[in-house]
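Q: Structure in structure tokens, see below.
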């Protein structure tokens, strides 16, 4: 599924609207670290790769901006386990 993800830096989140429902990956940016705090996809939309698209966009943004990523969200931790290419971006 091709999910159009929008970065909303003023709200510190990546979001997508799918079938009229808001899906989001929230973060807090402090001192060069993107603290990934929460990912939410409504139950009716789960299993379609939407959360993965949101988190992928967050990691692409972090890479482009030279940010480290702190994994506070359980979904983001799972995503990282399946995507070892994200390892260089992780906060030590």
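Q: Given the structure, is residue 17 farther than 21 Å from residue 91 by Cβ and either surrounded by 21 or more Cβ atoms within 10 Å (Cβ to Cβ) or touching a strand residue (DSSP E or B) at 6+ places or on another chain (Cβ under 9 Å) (or both)?
A: Yes; evaluated as a whole, the condition is true for this residue.
Q: Does residue 89 satisfy the condition of being on the phi < 0 side of the Ramachandran plot and surrounded by 16 or more Cβ atoms within 10 Å (Cβ to Cβ)?
A: Considered against the rule, which asks whether it is on the phi < 0 side of the Ramachandran plot and surrounded by 16 or more Cβ atoms within 10 Å (Cβ to Cβ), residue 89 comes out as yes.
Every number here is computed from the coordinates shown, using simple stated rules; none is lab data. Treat the numbers as computed from the prediction; the structure is a model and nothing was measured. Ideal geometry is used to build each Cβ from the backbone, glycine not excepted, and the neighbour counts take in all protein chains shown.
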